[in-house]
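Data block below; observations after.
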Amino acid sequence: MGRQSARLYFQGKDHKDIYFNGHYHDQMYLSDGEGNATLVWEKIKEGIFKFLIMPIDTFEFEVQGSVHIDWGDGESSDFESMEALRICRHSYTKSAKFMVQIRGDIQNIRFWSGYRYSSDALIEILTKLPKTMEKITQLTGLCYGDTRLERIPAGLFDNCPNVESFDSAFMRCKSLKNIPAGLFDNCPNAKNFYNAFSGCSGLECIPAGLFKNCPEAVQFQYTFAYCTGLTSIPSDIFADSINASDFGYTFYNCSNLTYIPGGLFDGRPNVESFERTFSRCRNVVSNVPELWKTHTSTKKYGACFNGCDKAENFKDIPASWYYD
């Protein structure tokens, strides 16, 4: 058989299909002439990131990458910012619920624009963050201040295994009632959960083993502070975070908390701070953990149990662990 020649080229910036012998293809194989074929190229199948909003007029968020946005009202636009997060906005002619869909190379996304909140229109995130974000290391302020956010999918961070910081990721999301089980299961490099759910006053429970696959986590300062809807804490929530060092203000002002597991911080004797960890948790009726016995090397512990006057072992709390 004679050798066949044909033109081979990519069709268009967005399609990335191969045109060969009069057809478009999303795969290319290399044959050795003996019937053995090896896949040498395959089109990346871009996913669609979807979320629901209910804007008053203008909706804005930040995105990095080259994307096509369907705004859900019949309008669409292309947006490109390859170097950094940039504000992307759209004006709506009426207040209603819209599903926004984004295709393309999303390298980073955030619903909070610097010191300005978004239009507070985000209601629900429908899909996990796309695989194009697999190299991202910071998801700081992802949904900061989106007080109407009600739900997030369980696999939201499945495609982001390299994230090190979830600093203020859901801070002040007051309508968020539940954290999906396994939310951080594919985030083994996560170190920072500072303020991650702080101010989520509608949060009713914390799933067991939330940080079980986060052995590198060290920072839990203010993680669940002001979560006034919480009544209990899973005993294993920090079980695998063996390097955790800062629990300052972690459950500060969780005013409806009634139960604290006794072994909550077992297995990490080198914690540096328990400063105000349970301060203002005025409805705790269980024993509080006897950290003054198990963590004698801790440097900061002022007011750790301040206000826990209803605790069963209240009289055993040393003054240094109660007052500043």
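Give Leu129, Leu156 a once-over and let me know the one that is more than 23 Å from Phe220 (Cα to Cα) and either among the acidic types (Asp, Glu) or within 10 Å of the chain's Cα centre (by Cα) (or both).
Details: Leu156 fails: more than 23 Å from Phe220 (Cα to Cα).
Selected residue: Leu129, the only one of Leu129, Leu156 that is more than 23 Å from Phe220 (Cα to Cα) and either among the acidic types (Asp, Glu) or within 10 Å of the chain's Cα centre (by Cα) (or both).
For segment 240-257, which positions are β-branched (Val, Ile, Thr) and under 19 Å from Gly302 (Cβ atoms)?
Thr250
Consider segment 207-260 and keep the residues that are open to solvent by 60 Å² or more (accessible area, probe 1.4 Å) and of a type in the set (Val, Ile, Thr). The one that is farthest from Phe184 (Cα to Cα) is Thr231.
Whenever a residue of segment 194-205 is under 8 Å from Lys174 (Cα atoms), its partners that are of a type in the set (Ser, Thr, Tyr), lying with C-beta atoms within less than 7 angstrom and at least six residues away or across chains, give the pairs Gly199/Tyr226; Ser201/Tyr226; Ser201/Thr228; Gly202/Ser175. Residues in segment 287-306 that are open to solvent by 20 Å² or more (accessible area, probe 1.4 Å), within 21 Å of Pro234 (Cβ to Cβ) and assigned to a loop (DSSP other than H, G, I, E, B): Asn287, Glu290. Applying the selection to segment 55-81, what residues are buried (at least 17 other Cβ atoms within 10 Å of the Cβ) and outside any strand (DSSP E or B)? Within segment 55-81, Pro55, Trp71, Gly72 qualify.
Here are some residues: Gly267, Gly263. Which one is on the phi > 0 side of the Ramachandran plot, of a type outside the set (A, V, I, L, M, F, W, C) and open to solvent by less than 80 Å² (accessible area, probe 1.4 Å)?
Numbers: Gly263 fails: on the phi > 0 side of the Ramachandran plot.
The match here is Gly267.
Is it true that some residue in segment 296-313 is touching a helix residue (DSSP H, G or I) at 6+ places or on another chain (Cβ under 7 Å) and of a type in the set (Phe, Trp, Tyr)? Among the residues of segment 296-313, at least one is touching a helix residue (DSSP H, G or I) at 6+ places or on another chain (Cβ under 7 Å) and of a type in the set (Phe, Trp, Tyr), which makes the answer yes.
Has segment 39-47 got any residue that is modelled with pLDDT of 70 or more, in a loop (DSSP other than H, G, I, E, B), closer than 18 Å to Gln107 by Cα and not aromatic (Phe, Trp, Tyr)? Give the derivation first.
Start the filter on segment 39-47 by keeping residues that are modelled with pLDDT of 70 or more, which leaves 47.
Applying the additional criterion that residues be in a loop (DSSP other than H, G, I, E, B) yields 47.
In the following step, the residues that additionally are closer than 18 Å to Gln107 by Cα were identified as 47.
Going one step further and asking which of them are not aromatic (Phe, Trp, Tyr), we end up with 47.
Among the residues of segment 39-47, at least one is modelled with pLDDT of 70 or more, in a loop (DSSP other than H, G, I, E, B), closer than 18 Å to Gln107 by Cα and not aromatic (Phe, Trp, Tyr), which makes the answer yes.
Could you please let me know if Val163 is of a type outside the set (Ser, Thr, Tyr) and over 30 Å from Ala121 (Cβ atoms)? Criteria not met by Val163.
Restricting Asp167, Asp146, Asp158 to residues that are of a type in the set (D, E, K, R), closer than 23 Å to Leu203 by Cβ and open to solvent by less than 10 Å² (accessible area, probe 1.4 Å) narrows the list to Asp146. Residues that are open to solvent by 40 Å² or more (accessible area, probe 1.4 Å) and either closer than 29 Å to Thr137 by Cβ or in contact with a helix residue (DSSP H, G or I) (Cβ under 9 Å, 6 or more places away or on another chain) (or both) within segment 86-97 comprise Arg86, Ile87, Arg89, listed in sequence order. Filtered by the rule that a residue be at negative phi, at pLDDT below 95 and in a loop (DSSP other than H, G, I, E, B), segment 101-129 gives Phe111, Trp112, Tyr115, Tyr117, Ser118, Ser119, Ala121. Just one of the listed residues (Asp236, Asp240, Asp309) is assigned to a loop (DSSP other than H, G, I, E, B) and within 23 Å of Leu176 (Cβ to Cβ), namely Asp236.
The values are calculated or read from the model by the stated rules, or taken from the named source; none is laboratory data. Everything quoted here is computed from the prediction, not taken from an experiment. All Cβ positions, glycine included, derive from the backbone under ideal geometry; neighbour counts span all protein chains shown. Calculation scope for accessible area: heavy atoms of the full protein, side chains included, ligands and nucleic acids excluded. Shrake-Rupley method; radii C 1.70, N 1.55, O 1.52, S 1.80 Å.
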